[in-house]
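A.B. asks: Here you go, one structure.
The values are calculated or read from the model by the stated rules, or taken from the named source; none is laboratory data. If you're wondering where the values come from, they're calculated on a predicted model, not measured in any experiment. As a convention, Cβ positions derive from the backbone with ideal geometry for all residues, glycine included, and neighbour counts pool all protein chains shown. Ligands, DNA and RNA are excluded from the accessible area calculation, which covers all protein heavy atoms including side chains. Shrake-Rupley method; radii C 1.70, N 1.55, O 1.52, S 1.80 Å.
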Amino acid sequence: MAAYSERGVHGQIVQLLGERVLSGEIAEGETIDLAALSTDLGLSLTAIREAIRVLAAKGLVGSRQRKGTFVRPRADWNLLDPDVVKWQVATGAGDLFFRDLAELRGALEPTAARLAALRRTDADVAELRAAVRAMADTHASPEDAAASDLRWHRALLAATHNELYTRTDIFLAAGLVERDRLVHAGAHKDPVPSHTSVTEAVAAGDAAAAETAMRSLLEQAEEDLFRATGDGADDELERPA
């Protein structure tokens, strides 16, 4: 789903309401009085309803006869939506989200690197190398750097030639982009050497080296995130009951 954040007044309303839901200011199960919200924010009821429709598409809110508009259970939320990821980070829940993302990547990407080394084509290697070259552009903005990193990870997944692995970018994309925006906006290690190590191991068809290099890349990713946020990437975080 396309992100609505920062797209004019409409995007600002969506973001404001989304962050209120993600922060728990508007709690799960709570009924939302649209008329009262319109008065509180000084916005037309039409504008509020348009924003609510966007939140409904993201699974955050629903409506029922007699009950009206209400916040749906967290289990129904599209936590992989780019805006929902951004709102989680903005409302202080980024530490838990990024821990979950790191665990997911640790389970998926080393094996993806191994499979890519065994199955890569010349075109796969060319795309991985092109993404690394884009990463090496010292004039790239944090957004461009994030885009290059995502391009590389998608190329690695595609090189597995496993359709299900390729589609895991659905799980990774939004989180990687948000993580990279944070990391690349501040001090961080040069990502080019670690990505090059994986790329060249894949190109050489060395499955064991590709898997090992990918694990090293993920360790560096956690260190960079710790440096960017000040949160202990290795700390055990407890989920709310």
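A.B. asks: Among ALA173, LEU118, THR196, which residue has its Cα furthest toward the positive end of the charge dipole of the chain, with +1 on Lys/Arg Cβ and -1 on Asp/Glu Cβ?
C.D. replies: ALA173
A.B. asks: Which whole-number percentage describes the relative contact order of the chain, with Cα contacts under 8 Å and a sequence gap of 6 or more?
C.D. replies: Rounded, it is 19 percent for the chain.
A.B. asks: Do any trypsin sites (Lys or Arg not before Pro) in region 1-107 lie in a DSSP loop with no more than 13 other beta carbon atoms within 10 Å, and if so, which?
C.D. replies: ARG7, ARG66, LYS67
A.B. asks: If each residue of separation counts as 0.36 nm, what is the full-extension length gain between LEU118 and ARG66 once their alpha-carbon separation is subtracted?
C.D. replies: Result for the pair: 12.9 nm of gain on full extension.
A.B. asks: Ignoring solvent entirely, what values of log10 I(q)/I(0) come out of the Debye formula for the chain at 0.12, 0.15 Å⁻¹ when each Cα is a single scatterer?
C.D. replies: The Cα Debye sum returns log10 ratios of -0.74, -1.02.
A.B. asks: For every other residue with a beta carbon closer than 12 angstrom to the beta carbon of SER141, add +1 if it is Lys or Arg and -1 if Asp or Glu, then tell me the sum.
C.D. replies: Residues close to SER141 contribute a combined charge of -3.
A.B. asks: Does region 96-169 come out rounded, prolate or oblate, given a ≥ b ≥ c as the square roots of the eigenvalues of its C-alpha gyration tensor, rounded meaning a/c under 1.5 and, failing that, prolate meaning a/b above b/c?
C.D. replies: In terms of gyration-tensor shape, oblate.
A.B. asks: Express the carbon and sulfur contribution to the solvent-accessible surface of the chain as a percent, rounded to the nearest whole number, probe 1.4 angstrom.
C.D. replies: 50 percent
A.B. asks: In Å², and per residue, what accessible area does the chain have when probed at 1.4 Å with the other protein chains present?
C.D. replies: 51 Å²
A.B. asks: A further question on this structure: So what is the relative contact order for region 1-100, in percent, with contacts set as C-alpha pairs under 8 Å and at least six apart?
C.D. replies: Computed value for region 1-100: 32 percent relative contact order.
A.B. asks: Now, a different point. In nanometres, what is the gap between the two model label sites at ASP144 and ALA173, each 7 Å from Cα along Cα-to-Cβ?
C.D. replies: 2.2 nm
A.B. asks: Something else about it: For the chain, modelled as a Gaussian network with Cα springs under 10 Å, which listed residue fluctuates most, ASP122, ASP76, ASP206?
C.D. replies: Taking springs between Cα atoms under 10 Å, the residue moving most is ASP122.
A.B. asks: Under a Cβ-Cβ cut-off of 13 Å, what is the net charge of the residues other than ALA210 that fall near it, where Lys and Arg count +1 and Asp and Glu count -1?
C.D. replies: -1
A.B. asks: Testing the spin-label approximation: label points 7 Å from Cα along Cα→Cβ at GLU50 and GLU25. State their distance in nm.
C.D. replies: 2.1 nm
A.B. asks: Relative to the first principal axis of the alpha-carbon coordinates of the chain, what is the inclination of helix 207-229, with its axis defined by its Cα atoms, in degrees from 0 to 90 and to the nearest 10?
C.D. replies: 40 degrees
A.B. asks: While we're looking at this one, here's another question. Show which lysines lie in cross-link reach of LYS189 when reach means a straight Cα distance below 30 angstrom and same-chain residues fewer than eight apart are skipped.
C.D. replies: Leaving aside lysines fewer than 8 places away in the same chain, those within reach of LYS189 are LYS86.
A.B. asks: Can you tell me the dipole magnitude for region 15-120 around its Cα centre, using point charges on the Cβ only (Lys, Arg +1; Asp, Glu -1), in Debye to the nearest 20?
C.D. replies: Using only the charged Cβ atoms, the result is roughly 520 debye.
A.B. asks: Related question: Suppose only helical runs count, i.e. DSSP H with n ≥ 4. What mean residue ellipticity at 222 nm does that imply for the chain under -39500 (n - 2.57) per run, divided by all residues and rounded to the nearest 500 deg cm²/dmol?
C.D. replies: -21500 deg cm²/dmol
A.B. asks: Follow-up question, since we're still on this one. State to the nearest 20 debye the size of the charge dipole of the chain about its Cα centre, where the only charges are +1 on K and R beta carbons and -1 on D and E beta carbons.
C.D. replies: 920 debye
A.B. asks: Under the 0.36 nm per residue contour assumption, what length would be gained going from the current alpha-carbon distance of ALA126 and ASP206 to full extension?
C.D. replies: Extending this stretch completely gives an extra 27.1 nm.
A.B. asks: Still on this structure, I have one more. Can you give the Kirkwood hydrodynamic radius for region 46-138, in Å, rounded to one decimal and based on Cα pairs?
C.D. replies: One decimal place: 17.0 Å for the Kirkwood radius.
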